[in-house]
Amino acid sequence: MEPKKKNNKILFNVITFIIAFGLAFFVTTKLMSGNSVMARAKAEIESVNKKCPMKIDDMTRLDSVALSGKIANYYYTILKSKDSLPQDMSPVVAEIKAKTQQNFDTSPQMKIIRDNQFGLKYNYRDNKGAHLFDFTLAPKK
C-alpha cells in the first residue's frame with residue numbers, strides 16, 4: 001500500500017474512533033443525567049478501558065484511556081518499531097492533529113465534550129514502548 005493511502009487509512013480510523021468515543025460519551029451523559037460531568041466522564045473511560053487493548057487498524061492499537069482533570073489521555077501503540085517508521089513523522093503528525101482537531105471542533109457528537117471544556121491528549125508509542133509523538137486538542141474558546 002502506498003504511504004499516502006496508508007496514512008489516510010490510519011487517519012480515517014483514528015477519526016472514526018474519536019467520533020465513536022464522542023457518541024458513547026454523549027449517550028452515557030444522557031443515561032446518567034443525574035451525575036456530575038466528571039463522574040460521567042470517568043464512567044465512560046472505565047467502559048472504554050474494559051475493551052482495551054483495542055485494535056484500531058492494522059498499525060494502531062488503543063491500550064488505555066485515563067482522565068487527568070479535564071483531559072482524556074489516550075495511549076496508543078503503533079504496531080511497528082520506531083526504526084521502521086519514517087525518520088520525520090512531523091508531516092503525518094501535523095495532518096492527524098489538524099484533521100482530528102477539525103473533527104473535535106465541528107462534530108455534533110463531540111459537542112458535549114467541547115461544551116464541558118474537556119481536552120483530549122493522544123500519546124503514541126512504538127511496539128517496544130518508545131515514545132513516538134503526542135498532541136493535545138482543546139476546545140476553541
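The values are calculated or read from the model by the stated rules, or taken from the named source; none is laboratory data. Predicted, not measured: the structure shown is a model, and the values here were computed from it. For neighbour counting, all protein chains shown are included, and Cβ atoms are generated from backbone atoms with ideal geometry for every residue, glycine included.
For region 84-96, the condition holds for at least one residue, the condition being that it is in contact with an Asp or Glu (Cβ under 9 Å, 6 or more places away or on another chain), modelled with pLDDT under 90 and of a type in the set (Gly, Ala, Ser).
Residue under question is Asn49, and the condition is that it be at pLDDT 90 or above, out of contact with any His (no Cβ under 9 Å at 6 or more places or on another chain) and assigned to a helix (DSSP H, G or I); does it hold?
So Asn49 fits the description; yes.
Here the condition is being out of contact with any Ser or Thr (no Cβ under 7 Å at 6 or more places or on another chain), part of a loop (DSSP other than H, G, I, E, B) and either hydrophobic (A, V, I, L, M, F, W, C) or over 23 Å from Lys42 (Cβ atoms) (or both); of Asp105, Asp83, Asp57, it holds for Asp57 alone. Consider Ala94 against the criteria (1) small (Gly, Ala, Ser); (2) surrounded by 15 or more Cβ atoms within 10 Å (Cβ to Cβ); (3) farther than 23 Å from Glu46 by Cα: it satisfies all of them except one. Which criterion is unmet? Ala94 satisfies every listed condition except (2). For region 31-46, the count of residues that are in a helix (DSSP H, G or I), within 19 Å of Phe133 (Cα to Cα) and either modelled with pLDDT under 90 or not hydroxyl-bearing (Ser, Thr, Tyr) (or both) is zero. Beta carbons closer than 7 Å, at least 6 apart along the sequence or on distinct chains, pair a first residue in region 93-115 that is in contact (Cβ under 8 Å) with a residue 24 or more places away in the chain and over 22 Å from Met38 (Cα atoms) with a second that is among the β-branched types (Val, Ile, Thr) and in a helix (DSSP H, G or I) for Ile96/Val14; Lys99/Ile15; Thr100/Val14; Thr100/Ile15; Thr100/Ile18; Asn103/Ile15; Asn103/Ile18; Asn103/Ile19.
When region 58-92 is filtered for residues that are of a type in the set (Gly, Ala, Ser), touching a residue at least 40 places away in the same chain (Cβ under 8 Å) and over 26 Å from Val37 (Cβ atoms), only Ser81 remains. Number of residues in region 38-68 that are in contact with a Cys (Cβ under 7 Å, 6 or more places away or on another chain) and not aliphatic (A, V, I, L, M) equals 2.
In summary, Lys82 fulfils each of the numbered conditions (1) among the basic types (Lys, Arg); (2) buried (at least 17 other Cβ atoms within 10 Å of the Cβ); (3) more than 16 Å from the chain's Cα centre (by Cα) with the single exception of condition (2).
None of Asn123, Asn116, Asn73 is over 21 Å from Asp58 (Cβ atoms) and buried (at least 17 other Cβ atoms within 10 Å of the Cβ) except Asn73.
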